[in-house]
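The values are calculated or read from the model by the stated rules, or taken from the named source; none is laboratory data. Just so you know, these numbers come straight off a predicted model, no measurement behind them. Cβ coordinates were reconstructed from backbone atoms using ideal geometry, including for glycine residues, and neighbour counts include every protein chain displayed. With ligands, DNA and RNA removed, areas are computed over all heavy atoms of the protein, side chains included. Shrake-Rupley method; radii C 1.70, N 1.55, O 1.52, S 1.80 Å.
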Amino acid sequence: QQDLQSKMKSDMDSVLVKMKDELALDFILLYDENSALIYANKDYDITDVVVKKLNENYGKKKAEEGK
C-alpha cells in the first residue's frame, strides 16, 4: 500500500508541476473535507483537468508496457 501511495504521489506531483507552468498558477490548494479552505470560486477548480491528465499519463504508461 505504501508503494502504491508513493507512486500515486509521484504521478500527481509530475502532473501538477506541468500544469502550474501551462496554466501559470501561483498556488495549488488541496481541497478535502478536512481542509481549511472555506470557499473557493468554482472557476479556479482544476480537479477535472488534473484527473484527465493523470488518466492520460496512465494510459500512456499502459500502452508503453504493452509494447
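For the range 5-32, which positions are of a type outside the set (D, E, K, R) and open to solvent by 100 Å² or more (accessible area, probe 1.4 Å)? Don't jump to the end; show me each part of the working.
Of the residues in the range 5-32, the ones of a type outside the set (D, E, K, R) are 5-6, 8, 10, 12, 14-17, 19, 23-25, 27-31.
Across the range 5-32, the qualifying residues are Gln5, Met8, Phe27, Leu29, Leu30, Tyr31.
Number of residues in the range 53-67 that are without any contact (Cβ under 8 Å) to a residue 24 or more places away in the chain and either within 13 Å of Met12 (Cβ to Cβ) or assigned to a loop (DSSP other than H, G, I, E, B) (or both) equals 2.
Answer yes if at least one residue in the range 33-50 is without any contact (Cβ under 8 Å) to a residue 24 or more places away in the chain, open to solvent by less than 100 Å² (accessible area, probe 1.4 Å) and among the basic types (Lys, Arg), and no otherwise. No, every residue in the range 33-50 fails to be without any contact (Cβ under 8 Å) to a residue 24 or more places away in the chain, open to solvent by less than 100 Å² (accessible area, probe 1.4 Å) and among the basic types (Lys, Arg).
Per the listing Asp32, Asp26, Asp43, the residue uniquely of a type outside the set (Gly, Ala, Ser), outside any loop (DSSP other than H, G, I, E, B) and at negative phi is Asp43.
Please specify each residue of the range 1-42 satisfying the condition of being of a type in the set (Asp, Glu) and under 13 Å from the mean Cα position of the chain (by Cα). Give the derivation first.
Looking only at the range 1-42, we keep the residues that are of a type in the set (Asp, Glu), and these are 3, 11, 13, 21-22, 26, 32-33.
Asp11, Asp13 - these are the residues of the range 1-42 that are of a type in the set (Asp, Glu) and under 13 Å from the mean Cα position of the chain (by Cα).
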